[in-house]
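Data block below; observations after.
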């Protein structure tokens, strides 16, 4: 078939698909049942601010594009906030256009949206901008129906991310989904969390894959919960060049051998690597010293994955050459994350280490389910090295990561260690609370005039805490970095404060710590009670004041990592004042979580120490009550007061 004929067919198919979507939209716009116009509540979603009456998603992976239509009903005054619509998308993966919207009043009056949709940044992470198209529908009241539609044009490289998300932030009365899969690949589908009650699995016809669902409960967002993708009803589509092996054990062995072959071809430059490593390590170095030196040298390689997106003209001006193997990475001094990790393995092997690549599911987005034969689950990679008989997990491709420290989303992560014989399932290390610490040391003076505290505060972020801060701020300027550190202090103190960063923290190294120094003032911290003054002990307790307040829990509890928060506060008392009485020390030890607080009278000074240690990463929701009670005790301890009185 000629290219011209293929092009004509593609254009005709695209036009027919667009017409079908438009016709569907037109039909839906004209067929609002009278009972939906007048409805005032939804019995299956009592108390809901709004509900989705109808949702439609039509995806065509041949183009690739996705048409979306939404109809929702405003039921309460608070529900009017849904007039402000945000459509999130990834700039590198998609573009949104063709937005149409209107408001329909309960008497049938229609007000079309003729305004402008704006684009704004909503999240930044790992060098990727998360954007949103935003607009506001007109004249939205209680009882209004809102309708809007839009089309998402997708980058052809992201066809492999086809999925339907059935769960939504609001109760959904009815929804339809369709997919025209790419003809170039075999396609399968799975529903990892199951399907809503009464929903039939997707069906394939000559027009594509289709599914309908109804009465889907609103998805409840909670603090400290697993990734939403692990909890929402969804259908995932899995593409492959050929019909895959469906036995999970055989599938992963076959997949590992394919991956290992690509890895072996990339690192098969032993002579060049032996020459390179001879300039990094000395024969007299201990094994760990050698590995640390190789790690430090590889971290100097320019990491293209961590750089901000460049324009096409900027890319052309740089004239970067293709990377085909580890020798190219070494000689050119740049590469992407996987290139850098594989260079580290090649150098480590040249130095005599048993090193191998590991593919994992980064747990900030999803977990690895070996029973699902989908290779795209394992989207992140790192390195394992045998040192003194123990497996050490490293990721030198992560900028600012000290030796031995993985970013939190690569800890306690499941994946596969590649080898030529079929690989093996592994779980990366799960560090304890000492690997993620925040230490606050304050030297303050109490004012007799207004009860304010003022002085120096030093906060030391260590391990995962330091790495997380550096990664989050790597593309920000000094003003943004300063504001973030000051905001973190504001968030930790349950009062209005004045705080000024006074040093320049080291944002650009792989140091295990990041140290911030401040001038701090807390106006009116001490309150008078007759001839006495009451000093609350929990100066840095704001982050725990409202955690786990809800009596019920829907999802399991999920923490990024174990952590330790410790405070050491010295308060110089004003002349003529002394400590009258001090609450008894508290040592609440629940094994996985530990809280201590203690105040000491040091003759003219009040010394308060406080620590909160959490070793949990996962906790089943059935044990939520135990953790909730623990944090209630934490709040009670922080609310204790030291009594100050005149020294007469």
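The values are calculated or read from the model by the stated rules, or taken from the named source; none is laboratory data. Quick caveat: nothing in here was measured; it's all calculated off a predicted structure. Backbone-built Cβ (ideal geometry, glycine too); neighbour counts: all protein chains shown.
Considering only residues of the stretch 190-202 that are surrounded by 15 or more Cβ atoms within 10 Å (Cβ to Cβ) and at pLDDT 95 or above, which is nearest to residue 79 (Cα to Cα)?
Only one residue tops the list, namely 196.
Restricting the search to the stretch 366-389, which residues are under 12 Å from residue 190 (Cβ atoms) and over 21 Å from the mean Cα position of the chain (by Cα)?
371, 372, 373, 374
For the stretch 489-508, check the following and say yes or no: at least one residue is surrounded by fewer than 18 Cβ atoms within 10 Å (Cβ to Cβ) and part of a helix (DSSP H, G or I).
Yes, the stretch 489-508 has at least one match.
For residue 170, are the conditions met, namely being in the same structural domain as residue 59 (by TED's automatic domain parsing), in contact with a strand residue (DSSP E or B) (Cβ under 7 Å, 6 or more places away or on another chain) and in a loop (DSSP other than H, G, I, E, B)?
So residue 170 passes the test.
Give the residues of the stretch 474-491 that are under 12 Å from residue 516 (Cβ atoms) and touching a residue at least 12 places away in the same chain (Cβ under 8 Å), sorted by residue number.
Within the stretch 474-491, 481, 482, 484, 485, 486, 488, 489 qualify.
Where in the stretch 556-602 are the strands (runs of 3 or more DSSP E), entirely inside, with at least 3 residues that are surrounded by 17 or more Cβ atoms within 10 Å (Cβ to Cβ) and modelled with pLDDT of 95 or more?
Details: elements: 563-572, 577-581, 586-589, 593-601.
Those strands (runs of 3 or more DSSP E) span 563-572, 593-601.
For residue 431, all conditions in the list (1) under 30 Å from residue 608 (Cβ atoms); (2) touching a helix residue (DSSP H, G or I) at 6+ places or on another chain (Cβ under 8 Å); (3) assigned to a strand (DSSP E or B) hold save one; what is the number of the exception?
It fails just one condition, (3).
Just one of the numbered conditions (1) more than 23 Å from residue 635 (Cα to Cα); (2) crowded, with 20+ Cβ neighbours inside 10 Å; (3) touching a strand residue (DSSP E or B) at 6+ places or on another chain (Cβ under 6 Å) is not true of residue 429; which one?
Looking at each condition in turn, residue 429 falls short on (2).
Name the one entry in 496, 510, 492 that is in the same structural domain as residue 455 (by TED's automatic domain parsing), farther than 20 Å from residue 445 by Cα and in contact with a helix residue (DSSP H, G or I) (Cβ under 9 Å, 6 or more places away or on another chain). Break it down stepwise before answering.
On the way: 496 fails: farther than 20 Å from residue 445 by Cα; 492 fails: farther than 20 Å from residue 445 by Cα.
After applying the criteria, what remains is 510.
Looking at the stretch 80-105 only, could you name the residues that are in contact with a helix residue (DSSP H, G or I) (Cβ under 9 Å, 6 or more places away or on another chain) and modelled with pLDDT of 95 or more?
100, 102, 103, 104, 105
Within the bounds of the stretch 619-630, is there any residue that is surrounded by 13 or more Cβ atoms within 10 Å (Cβ to Cβ), under 24 Å from the mean Cα position of the chain (by Cα), assigned to a strand (DSSP E or B) and not assigned by TED's automatic domain parsing to the domain that holds residue 413?
yes
Taking the options 546, 519, name whichever one is without any contact (Cβ under 8 Å) to a residue 24 or more places away in the chain and under 26 Å from residue 597 (Cβ atoms).
Values: 519 fails: without any contact (Cβ under 8 Å) to a residue 24 or more places away in the chain.
Among 546, 519, only 546 is without any contact (Cβ under 8 Å) to a residue 24 or more places away in the chain and under 26 Å from residue 597 (Cβ atoms).
Please go through the stretch 85-118 and give me each residue that is loosely packed, with under 12 Cβ neighbours inside 10 Å and under 31 Å from the mean Cα position of the chain (by Cα), ordered by number.
Correct list: 86, 97, 116, 118.
Say we look at the stretch 111-131 and pick out the residues that are modelled with pLDDT of 95 or more and in a strand (DSSP E or B); which of these is farthest from residue 152 (Cα to Cα)?
Checking each candidate, the answer is 111.
Of all residues in the stretch 388-406, how many are surrounded by fewer than 19 Cβ atoms within 10 Å (Cβ to Cβ) and not in a loop (DSSP other than H, G, I, E, B)?
3
Consider only pairs whose beta carbons are under 6 Å apart and that are at least six residues apart or on different chains; among these, list those whose first residue lies in the stretch 317-332 and is assigned by TED's automatic domain parsing to the domain that holds residue 357 and whose second residue is assigned to a loop (DSSP other than H, G, I, E, B) and buried (at least 17 other Cβ atoms within 10 Å of the Cβ).
325/269; 326/269; 327/269; 329/323
Quick one: which residue in 609, 636 is assigned by TED's automatic domain parsing to the domain that holds residue 528, assigned to a strand (DSSP E or B) and within 30 Å of residue 464 (Cα to Cα)? Steps first, answer last, please.
Values: 636 fails: assigned to a strand (DSSP E or B).
Going through 609, 636 in turn, just one is assigned by TED's automatic domain parsing to the domain that holds residue 528, assigned to a strand (DSSP E or B) and within 30 Å of residue 464 (Cα to Cα): 609.
Is it true that residue 643 is modelled with pLDDT of 95 or more, in contact with a strand residue (DSSP E or B) (Cβ under 6 Å, 6 or more places away or on another chain) and either assigned to a strand (DSSP E or B) or farther than 18 Å from residue 546 by Cβ (or both)?
Numbers: modelled with pLDDT of 95 or more: yes; in contact with a strand residue (DSSP E or B) (Cβ under 6 Å, 6 or more places away or on another chain): yes; either assigned to a strand (DSSP E or B) or farther than 18 Å from residue 546 by Cβ (or both): yes.
Yes: the conditions hold for residue 643.
Scan the helices (runs of 4 or more DSSP H) fully inside the stretch 257-367 and keep the ones with 2 or more residues being surrounded by fewer than 22 Cβ atoms within 10 Å (Cβ to Cβ) and at pLDDT 95 or above.
On the way: elements: 270-278, 287-298, 312-318, 326-332, 337-350.
Ranges flagged: 270-278, 287-298, 326-332, 337-350.
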